[in-house]
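Undergrad: Quick one: the structure is below, questions incoming.
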Amino acid sequence: MADLLRGPYQPSEYRHVFIPMTVLRRLDCVLAPHKDRVRVVHDEHLAAHKGKGNADLQAERDTLDDCSDLPFFNVSTLDLAACRRGNVKDNLLKYLRAFYSNVRGLFDQFNLKAHIERIAAADASLALLDRVVATFVAVDLCLAVDGDRVRQGAVRTKVYDPACGTGGMLTVADTRIRALNPKARPMLYGQEWQPET
């Protein structure tokens, strides 16, 4: 990843992309099983509040109430991988706008929109931005390497996240491994060096 950012970013700035993109990918994985249901519920609430002054805000609140298993949601038809189809910059910005306001506020604090635009400006073809997004989407592929081994009975599987933050990706990995093999007992290891995460 550092090789991709070298040029548009100084090494001391890499974290400005690493951290928010890691958070985005973690949220993307957590939301994946809920996206279709949330979108239907949100559309119903938008229709019910149509014509009211705060229709978007009220639909957002009602959706959160009805989908209370998560404290946030995204109503886009896109996920992070789908952002790579077509104009990756426009799709990524559209995907960010479709998050619940509390998550949009988080990404505003990270200034992620400005970093997406900075990476896109460094390469007009958007190939660089596409490779950055692809790197974070590929995080899920880590299980693909050992998926057959886990399915065929490997009960002990080690998962290491060297930038675990709150441990979200470790939780997702644990869930995925146990879905592949209910007898699996993943050993999760994580460390965090940055105080801001």
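Undergrad: Pairs needed: first member in region 1-18, farther than 16 Å from residue 163 by Cβ; second member anywhere, of a type in the set (A, V, I, L, M) and surrounded by 11 or more Cβ atoms within 10 Å (Cβ to Cβ); C-beta distance under 7 Å; at least 6 residues apart or different chains.
TA: Short answer, once both residue conditions are applied: 4/128; 4/132; 7/122; 8/119; 8/122; 9/17.
Undergrad: Let me ask another. In region 73-86, is there at least one residue being of a type in the set (Phe, Trp, Tyr) and either at pLDDT 95 or above or within 18 Å of residue 19 (Cβ to Cβ) (or both)?
TA: No, region 73-86 contains no residue that is of a type in the set (Phe, Trp, Tyr) and either at pLDDT 95 or above or within 18 Å of residue 19 (Cβ to Cβ) (or both).
Undergrad: List pairs: first residue in region 58-73 and of a type in the set (Phe, Trp, Tyr), second residue exposed (fewer than 15 other Cβ atoms within 10 Å of the Cβ) and part of a helix (DSSP H, G or I) anywhere in the structure, Cβ distance under 8 angstrom, at least six positions apart or on different chains.
TA: These pairs meet every condition: 72/102.
Undergrad: Can you find a residue that is farther than 23 Å from residue 127 by Cβ, in the same structural domain as residue 114 (by TED's automatic domain parsing) and out of contact with any helix residue (DSSP H, G or I) (no Cβ under 6 Å at 6 or more places or on another chain) anywhere in region 78-96?
TA: no
Undergrad: Still on this structure, I have one more. Please go through region 1-15 and give me each residue that is touching a helix residue (DSSP H, G or I) at 6+ places or on another chain (Cβ under 9 Å), surrounded by fewer than 16 Cβ atoms within 10 Å (Cβ to Cβ) and in a helix (DSSP H, G or I), ordered by number.
TA: Across region 1-15, the qualifying residues are 2, 11, 13.
Undergrad: Going residue by residue through region 126-138, is there one that turns out to be of a type outside the set (A, V, I, L, M), assigned by TED's automatic domain parsing to the domain that holds residue 22 and over 26 Å from residue 7 (Cβ atoms)?
TA: no
Undergrad: Here is a further query. Scan region 158-192 residue by residue and report those that are among the hydrophobic types (A, V, I, L, M, F, W, C) and either assigned by TED's automatic domain parsing to the domain that holds residue 32 or in a strand (DSSP E or B) (or both).
TA: Those that are among the hydrophobic types (A, V, I, L, M, F, W, C) and either assigned by TED's automatic domain parsing to the domain that holds residue 32 or in a strand (DSSP E or B) (or both): 159, 187, 188.
Undergrad: Let me spell it out: the conditions are (1) closer than 24 Å to residue 10 by Cα; (2) at pLDDT 80 or above, and residue 101 meets all of them except one. Which number is the exception?
TA: That leaves (1) as the condition not met.
The values are calculated or read from the model by the stated rules, or taken from the named source; none is laboratory data. Everything numeric in this text was worked out from a predicted model, so none of it was measured. All Cβ positions, even for glycine, are placed from backbone atoms using ideal geometry, and neighbour counts span all protein chains on display.
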